[in-house]
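This report concerns only the one structure given below.
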Amino acid sequence: MPKFAANLTMMFTEVPFLDRFEAAAKAGFKYVEYLWPYEYSADVLKAKLDQYGLQQVLFNTPAGNVDIGEWGVSAIPNREQDSHKDIDLALEYALALNCPNVHIMAAVVPEDADRELYKQTFVNNIRYASEKFKPYGIKILLEALSPQVKPNYLLKSQLDSLEIVELVDRENVFIQLDYFHAQNVEGNLSRLTDRLKDKVAHIQIASVPDRHEPNEGEINYEYLFNKLDEIGYQGFVGCEYKPRSETIAGLDWFKPYK
């Protein structure tokens, strides 16, 4: 049975962020993820995890300056120092929170930019991250974002992610397969899962097209959850969706998996 992680950035937003740990635990979750931890000290977050018996399973490197359109800096040429600083900071938090996975954000590529240069910059920075994270057994994850959600992001499809993983060629670098983005770009999720299964270390879910609970929309998640069991998937499944109303009201889908 999949190990579901509540995404505290998108779920339980009825309460302040630090109260969402308790809300997730009371709802039956044992694992949590969220976009970024950096607004809080690692000690504060670790205390919340310990208090409610939760395991942190994923967070991202910093997004950069989102006010000017950045969404990660690790693919931006001549920003290697910033990338390495973000990676080092993420490692500090991952160790403090005992978190097994970190998603390293790439970058938005301007229309007139050299995409190949961005790609090579990202490869080089992921190799740096790989060496930093390797002694601690922490996995590095790369995620593709569909163009309708994040136009011009370096990784537009799962095959883009696979290409970078193969170019980096390090044993601790994997794909973060978000079925919401994958359905928007590739579809054919069952065969895509088969193709990528040896390269995937984390999965995220949401309905398509509206990114709500996984028991609505065009994806048959019950089938996919059984598929993950069949292929022996051992990672976590992050619930990165926007509840249609209050979070608890939409958790009927989760009851069989508590």
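Among ASP86, ASP43, the order of accessible area from largest down is ASP43, ASP86, computed with a 1.4 Å probe on protein heavy atoms.
Here r is the Cβ-Cβ distance between ALA27 and TYR223 and R0 is 25 Å; the resulting FRET efficiency, rounded to 0.05, is 0.55. Based on C-alpha pairs under 8 angstrom that are at least 6 apart in sequence, the chain has a relative contact order of 20 percent.
If you take the beta carbon distance between GLU166 and TYR257 as r and set R0 to 25 Å, what does 1/(1 + (r/R0)^6) give as a FRET efficiency, to the nearest 0.05?
Values: r = 33 Å, r/R0 = 1.31.
Here the calculated transfer efficiency is 0.15.
Accessible area of region 3-254 with a 1.4 Å probe: how many percent of it is carbon plus sulfur? Please list the in-between numbers first.
On the way: 5040 of 11040 Å².
Percent of accessible area from carbon and sulfur atoms in region 3-254: 46.
Surface calculation, 1.4 Å probe, protein heavy atoms: GLU39 sits at approximately 150 Å² accessible.
Is there a quick way to get the dipole size of the chain? I mean about its Cα centre, with the Cβ of Lys and Arg at +1 and of Asp and Glu at -1; what is the value in debye to the nearest 20?
The calculated dipole for the chain is roughly 600 debye.
Ordering SER161, LEU8, LEU97 by the projection of their Cα atoms onto the charge dipole of the chain, which places +1 on the Cβ of Lys and Arg and -1 on the Cβ of Asp and Glu, puts LEU97 at the extreme positive end.
Could you give the length gained on full extension between LYS199 and ASN78, defined as 0.36 nm per residue of separation minus the Cα-Cα distance, in nm? All intermediate terms of the calculation are to be shown ahead of the outcome.
Details: separation 121, 0.36 × 121 = 43.56 nm, distance 2.89 nm.
Between LYS199 and ASN78, full extension yields 40.7 nm more.
Where both residues lie in the chain, what percent of DSSP beta bridges are antiparallel, nearest 5? So the antiparallel bridges in the chain amount to around 5 percent.
Compare the peptides 188-200, 108-120 by average per-residue count of other Cβ atoms within 10 angstrom and give them in order, highest first.
Numbers: 188-200: 15.6, 108-120: 14.0.
Highest-to-lowest ranking by the protection proxy: 188-200, 108-120.
Accessible surface computed residue by residue for region 3-254, with neighbouring protein chains in place and a 1.4 Å probe, gives 44 Å² per residue.
The values are calculated or read from the model by the stated rules, or taken from the named source; none is laboratory data. Note that this is a predicted model, so its numbers are computed, not measured. Using ideal geometry, Cβ is built from the backbone for each residue, glycine included, and neighbour counts are taken over all protein chains shown. For accessibility, only protein heavy atoms count, side chains too; no ligands or nucleic acids. Shrake-Rupley method; radii C 1.70, N 1.55, O 1.52, S 1.80 Å.
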